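Heads up: the structure comes next, in structure tokens.
The values are calculated or read from the model by the stated rules, or taken from the named source; none is laboratory data. Keep in mind the model is a prediction, meaning the values are calculated, not measured. A quick note on method: Cβ atoms are made from the backbone with ideal geometry, for glycine too, and the neighbour counts reach across all protein chains shown.
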Amino acid sequence: MGGSGVTETGKFTTPSLEDIRNWRPETRAVDAGLMIDPATGAIAPNLSTSVNNALLPGEGAFSADGVEDLADLPYLYARWTNPTVRQLEMRVAALENAEAALCSATGMAAIAGVFFTFLKAGDHLVVSDVCYAGATELAQRILPDYGLEVTPVNMSRLDEVEAAIRPNTRLIHCESPCNPILRLTDLKGVVALARLRGIKVSVDSTFATPVATRPVDLGVDLVIHSLTKFMNGHGDALGGAVAGSKADIARIRARAGVYLGATLSAQNAWLILRGIDTLYARMRMISDSAAKVSAFLEYHPAMERVIYPGLDSHPQKALADSQMDIPGGMIGFRVKGDRKAVAMALAKRLKVVHYAFSLGHQRSIVVLLDTEEMMASTFRLEGAALDDYRRFAGDGIFRLSIGLESPDDLIADFDQALCI
Ligand SMILES: Cc1ncc(COP(=O)(O)O)c(C=O)c1O
């Protein structure tokens, strides 16, 4: 059986790509990619832990340089592809309306996989000047060591994006909403600039999830996820993914997947498949709760500013309405007075919400990202770009990831913890 798994397996039929295309997203989240076990008929995804698979001589792929997607060849060795990981890849592709997807050990591995596949020495990358810290640091500090030119821009200003493009620009990388300030990127606008010039566009859609935004439908070439976050949703597995055209995903797998070696483990793929089963139900509940919590915080006397794509006060509310089906589970807030003292009080007093890094879990999580510290460690913005950052984050932004608790309990928890 080929790695695609879309085959008749004796008496059991696995859904074809055409079946999947006709399904609504909620159904895809549960059933896309599911391979019925031909031996037992099991309808839960099998956890296949084998590192290698039996072959006939001449079967399988021994050269990783071909354009054909290695995932379509018989299973050979789990660094290339694995049957459980393959089911997750098909599910992610279906949710993103993409032809194909590749899963990786972490979201960072997915980002690195895109950069190291589509960029080579002498090429130019235009990157959002605010995105996940790891992506920012990889782009701005490590890629130049490999002979790449990198220009950070405020992706919400299309004129800046256009001005940054050079004849050797090969990739524009953005996030929407971006971590940590929840500024949005007009994906159609960026795609329009890139298409004209044959430049690829990648977007890290971790904050949005496919429940809110399907970037491929807007013309984006490569959609990246940290599956560690909302996609898995339970805070118990690291994972990453890139979705895109079959040809692009084949290139990433042949280059970065095989040679960078950041393969997703079958165990984590299995957990993430299980998490994605409930993606739609979770994200709708989380987004509804986030709307209630953000509305409460916005009028709380301790607050200076609340940033949430569902609030009328978000500076890009019109774009949020047109590009996001739901505003999602991430809220940013700034407090009046001593932000570090408030952070300490929240860490000590919150009983339902956890003061911690990461996001997108079933439990609500909050953390302060101090502007001065973020500038020194990561973003290094100056002048107008720093002013733009501060318009969202001020001296420091609390990043709040809403979980599955009752919104009333979250509100009560913040209310008691903010009485300083
Ligand atoms: C938007 C975004 N992209 C990528 C990553 C990296 O993901 P991972 O930790 O799975 O490598 C993160 C992690 O916080 C993130 O928030």
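What the table below lists for this structure:
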| read-out | value |
| --- | --- |
| Sole residue being in a loop (DSSP other than H, G, I, E, B), in contact (Cβ under 8 Å) with a residue 12 or more places away in the chain, within 20 Å of the chain's Cα centre (by Cα) and on the phi < 0 side of the Ramachandran plot, chosen from PRO315, PRO327 | PRO327 |
| Residues within the range 205-228 that are over 11 Å from ILE326 (Cα atoms) and more than 14 Å from the ligand (Cβ to nearest atom), tallied | 7 |
| Any chance ILE326 is modelled with pLDDT of 95 or more and surrounded by fewer than 23 Cβ atoms within 10 Å (Cβ to Cβ) | yes |
| Sole exception among (1) farther than 20 Å from VAL211 by Cβ; (2) small (Gly, Ala, Ser); (3) within 22 Å of the chain's Cα centre (by Cα) for GLY310, by number | (1) |
| Hits in the range 362-380 (condition: in contact with a Ser or Thr (Cβ under 7 Å, 6 or more places away or on another chain) and within 24 Å of ASP408 (Cβ to Cβ)) | SER364, ILE365 |
| From ARG339, ARG390, ARG399, residue being crowded, with 18+ Cβ neighbours inside 10 Å and closer than 23 Å to ASN154 by Cα | ARG399 |
| Positions within the range 330-353 being aliphatic (A, V, I, L, M) and outside any strand (DSSP E or B), in sequence order | ALA341, VAL342, ALA343, MET344, ALA345, LEU346, ALA347, LEU350, VAL352, VAL353 |
| Matching residues in the range 361-416 - criterion: being assigned to a loop (DSSP other than H, G, I, E, B), under 27 Å from PRO301 (Cβ atoms) and within 23 Å of the chain's Cα centre (by Cα) | ARG363, SER364, ILE402, GLY403, GLU405 |
| Some residue of the range 192-203 being at pLDDT 95 or above, farther than 26 Å from SER48 by Cβ and within 15 Å of the ligand (Cβ to nearest atom) | yes |
| Residue match in the range 62-77 (condition: within 15 Å of the ligand (Cβ to nearest atom) and of a type outside the set (Asp, Glu)) | no |
| Selection within the range 222-253 - aliphatic (A, V, I, L, M), more than 25 Å from MET330 (Cα to Cα) and surrounded by fewer than 24 Cβ atoms within 10 Å (Cβ to Cβ) | ALA247, ALA250 |
| Identity of the residue in the range 70-111, of a type in the set (Ser, Thr, Tyr) and at pLDDT 95 or above, that ends up nearest to THR136 (Cα to Cα) | THR106 |
| Some residue of the range 292-306 being within 16 Å of the ligand (Cβ to nearest atom), buried (at least 20 other Cβ atoms within 10 Å of the Cβ) and of a type outside the set (Ser, Thr, Tyr) | no |
| Test result for MET285, in contact (Cβ under 8 Å) with a residue 40 or more places away in the chain, under 25 Å from MET330 (Cβ atoms) and away from the ligand (no atom under 16 Å from the Cβ) | yes |
| Single residue of ALA44, ALA39 found to be away from the ligand (no atom under 16 Å from the Cβ), small (Gly, Ala, Ser), over 27 Å from the mean Cα position of the chain (by Cα) and over 27 Å from ALA247 (Cβ atoms) | ALA39 |
| Pick from the range 171-202, criterion of a type in the set (Gly, Ala, Ser) and more than 15 Å from the chain's Cα centre (by Cα), ranking: surrounded by the fewest Cβ atoms within 10 Å (Cβ to Cβ) | GLY198 |
| Pairs with Cβ under 6 Å, 6+ apart, first in the range 218-231 and within 16 Å of VAL85 (Cα to Cα) and at pLDDT 95 or above, second within 7 Å of the ligand (Cβ to nearest atom) and of a type in the set (Ser, Thr, Tyr) | HIS225/THR206; SER226/THR206 |
| Residue list for the range 352-364, restricted to those being more than 11 Å from the ligand (Cβ to nearest atom) and in contact (Cβ under 8 Å) with a residue 24 or more places away in the chain | VAL352, VAL353, HIS361, GLN362, ARG363, SER364 |
